[in-house]
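S.K.: Here's a structure for you.
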Amino acid sequence: MCVVALSLLVRPRWPIIMIGNRDEFHARPSVPLARWDDGSGIIAGRDVQAGGTWLGVNPAASRIAVITNVRDDAGPDPAKRSRGGLVTGALGGDAQFVDPAAFNGFSLLSLAGTDAMLISNRPTASVRSLRPGNHAIANLPVGVVCPRADALREALGRLDDDGLADDDVLFALLRCGHDRPYTPGVDVPEQPFLTHDIYGTRCSTVVRVGPDGRGTISERRFAENGAPMGQTRIAFDWGA
């Protein structure tokens, strides 16, 4: 993912709302949102190239995890481990992120129930707990002002209970900017959605968990020109 917002214990009707866009090269193969058949209990899309994922839930373990890459002017080091493995590790309760130097720049947002942590290795390795409130991360190091993340966080915070209950409303926040062409390496994105033929927003995801533990994860996928090309919605019950 490249921009994510989280509403944590802000509204009693929806204690957990997470929304985000995955920005990636359109040529990188991936599998749409589904229940994995490997016994892990994970519900997520899958990166075919490296085998991990960018955002997912594990209902049996009451876990949600999402990752954003942190940009590096020198580009990613191909010798480093895949950052998508951090998400599957967090969903399984595996603290494989204890060696942050093994990965290119990342920010990992991990929830176990309503306990939320932000783990990052930029600008330095850090693990911090998140208090109840509205939060957002994107592709900049932790602590650096990011207009793209701030705008999405503020938009999420302005919604009332009815808006938070409506997938179309939440996806509309993530769709903002789709009609403005984006040039990688030139433009500094301030809008959630990036439209480009080579690199841009591949999918938007909305996760919602109610106070009774019932939740949904929804994904909408997009082509190179930003046109919709499929959607999936899966209901689940929180384990604890």
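The values are calculated or read from the model by the stated rules, or taken from the named source; none is laboratory data. Keep in mind the model is a prediction, meaning the values are calculated, not measured. Here Cβ is always computed from backbone atoms with ideal geometry, including for glycine, and neighbour counts include all displayed protein chains. Surface areas here come from the heavy atoms of the whole protein model, side chains and all, with no ligands, DNA or RNA. Shrake-Rupley method; radii C 1.70, N 1.55, O 1.52, S 1.80 Å.
S.K.: When region 58-94 is examined, which residues are found to be open to solvent by 60 Å² or more (accessible area, probe 1.4 Å), within 21 Å of residue 142 (Cα to Cα) and either free of Cβ contacts under 8 Å to residues at least 60 places away in the same chain or among the acidic types (Asp, Glu) (or both)?
M.R.: If the condition is that a residue be open to solvent by 60 Å² or more (accessible area, probe 1.4 Å), within 21 Å of residue 142 (Cα to Cα) and either free of Cβ contacts under 8 Å to residues at least 60 places away in the same chain or among the acidic types (Asp, Glu) (or both), then 72, 73, 74, 76, 77, 80, 81 are the ones that fit.
S.K.: Further, regarding this structure: For residue 116, work out the one condition from (1) closer than 29 Å to residue 199 by Cα; (2) touching a Lys or Arg at 6+ places or on another chain (Cβ under 9 Å); (3) at pLDDT 95 or above it doesn't fulfil.
M.R.: That leaves (1) as the condition not met.
S.K.: If you check 58, 21, which single one turns out to be at pLDDT 95 or above, in contact with a Leu (Cβ under 8 Å, 6 or more places away or on another chain) and more than 18 Å from residue 111 (Cβ to Cβ)?
M.R.: Values: 58 fails: more than 18 Å from residue 111 (Cβ to Cβ).
The unique qualifying residue is 21.
S.K.: Could you list all residues from region 199-240 that are buried (at least 19 other Cβ atoms within 10 Å of the Cβ) and among the small types (Gly, Ala, Ser)?
M.R.: If the condition is that a residue be buried (at least 19 other Cβ atoms within 10 Å of the Cβ) and among the small types (Gly, Ala, Ser), then 200, 204, 215, 218, 226 are the ones that fit.
S.K.: Could you please give the count of residues in region 182-209 that are more than 17 Å from residue 3 (Cβ to Cβ) and modelled with pLDDT of 95 or more?
M.R.: Step one: filter region 182-209 for residues more than 17 Å from residue 3 (Cβ to Cβ), giving 183, 185-186, 197-198, 208-209.
When the remaining residues are screened for being modelled with pLDDT of 95 or more, the result is 208-209.
Looking only at that region, the number is 2.
S.K.: When you scan region 78-178 for strands (runs of 3 or more DSSP E) that lie fully inside it, which ones turn up with 2 or more residues that are within 16 Å of residue 54 (Cα to Cα)? Talk me through it step by step, then tell me what you get.
M.R.: Details: elements: 106-112, 115-120, 126-130, 133-137.
The qualifying strands (runs of 3 or more DSSP E) are 106-112, 115-120, 133-137.
S.K.: If I go through region 102-160 residue by residue, how many of them are of a type in the set (S, T, N, Q) and either surrounded by fewer than 17 Cβ atoms within 10 Å (Cβ to Cβ) or out of contact with any strand residue (DSSP E or B) (no Cβ under 8 Å at 6 or more places or on another chain) (or both)?
M.R.: Within region 102-160, the first condition is being of a type in the set (S, T, N, Q), and the residues that meet it are 104, 107, 110, 114, 120-121, 124, 126, 129, 134, 139.
Cutting the leftovers down to either surrounded by fewer than 17 Cβ atoms within 10 Å (Cβ to Cβ) or out of contact with any strand residue (DSSP E or B) (no Cβ under 8 Å at 6 or more places or on another chain) (or both) gives us 114, 124, 126, 129.
The total comes to 4.
Listed here are the residues, each with its yes/no results for (1) among the aliphatic types (A, V, I, L, M); (2) in contact (Cβ under 8 Å) with a residue 40 or more places away in the chain.
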site: 175; (1), (2): no, no
site: 180; (1), (2): no, no
site: 193; (1), (2): no, yes
site: 196; (1), (2): no, no
site: 202; (1), (2): no, yes
site: 206; (1), (2): yes, yes
site: 224; (1), (2): no, yes
site: 228; (1), (2): no, no
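S.K.: How many of the residues in region 1-57 are of a type in the set (A, V, I, L, M) and either open to solvent by 30 Å² or more (accessible area, probe 1.4 Å) or not in a strand (DSSP E or B) (or both)? Let's see the steps before the verdict.
M.R.: Looking only at region 1-57, we keep the residues that are of a type in the set (A, V, I, L, M), and these are 1, 3-6, 8-10, 16-19, 27, 31, 33-34, 42-44, 48, 50, 55, 57.
Those left that are additionally either open to solvent by 30 Å² or more (accessible area, probe 1.4 Å) or not in a strand (DSSP E or B) (or both): 1, 9-10, 27, 31, 34, 42, 48, 50.
Of the residues in that region, 9 qualify.
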